[in-house]
Amino acid sequence: MPVFNRYFGVKPGPDAPKLDRLLWFRGYYLKNFPLYVVLLPFLLLAFPQPLGVIILAASFAPWLLGFIRLNVEIRRER
């Protein structure tokens, strides 16, 4: 757990304000983004072209939609 806290920061507790929890989670999303950027080209190389693009879209779409939804929630809280 100390490595997790060092990289992502200490997660706010359940009694913390909702905005603090949402901002921490947005940081969690953004710190995982470089992993997608590095792994997705390898995914495209591992699969044939049409299938690789479909898998790429299917793996990136939930991340993007979740990030957009999280930002909308942060905007509402502010």
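The values are calculated or read from the model by the stated rules, or taken from the named source; none is laboratory data. Just so it is clear, the structure is predicted and the values come from calculations on it, not from any experiment. Please note: Cβ atoms are built from the backbone with ideal geometry, for glycine as well, and neighbour counts cover all protein chains shown.
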Segment 1-27, subset of a type in the set (Lys, Arg) and within 30 Å of residue 76 (Cβ to Cβ), residue modelled with the lowest pLDDT: 11
Which numbered condition residue 52 misses (of (1) loosely packed, with under 11 Cβ neighbours inside 10 Å; (2) assigned to a helix (DSSP H, G or I)): (1)
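Kindly evaluate residue 21 against the criterion of being charged (D, E, K, R) and loosely packed, with under 11 Cβ neighbours inside 10 Å.
Answer is no for this residue.
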Pairs with Cβ under 6 Å, 6+ apart, first in segment 64-76 and at negative phi, second modelled with pLDDT under 95: 67/29; 70/26; 73/22; 74/22
Subset of segment 40-78 (residues that are closer than 23 Å to residue 9 by Cβ, more than 11 Å from the chain's Cα centre (by Cα) and not charged (D, E, K, R)): 71, 72, 74
Only one of 42, 4, 47, 33 that is surrounded by 12 or more Cβ atoms within 10 Å (Cβ to Cβ) and out of contact with any strand residue (DSSP E or B) (no Cβ under 7 Å at 6 or more places or on another chain): 47
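Kindly provide the set of residues from segment 28-57 that are within 24 Å of residue 78 (Cα to Cα), in contact with a helix residue (DSSP H, G or I) (Cβ under 7 Å, 6 or more places away or on another chain) and not charged (D, E, K, R), ordered by number.
If the condition is that a residue be within 24 Å of residue 78 (Cα to Cα), in contact with a helix residue (DSSP H, G or I) (Cβ under 7 Å, 6 or more places away or on another chain) and not charged (D, E, K, R), then 28, 29 are the ones that fit.
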Breaking point among (1) part of a helix (DSSP H, G or I); (2) surrounded by fewer than 11 Cβ atoms within 10 Å (Cβ to Cβ), for residue 15: (1)
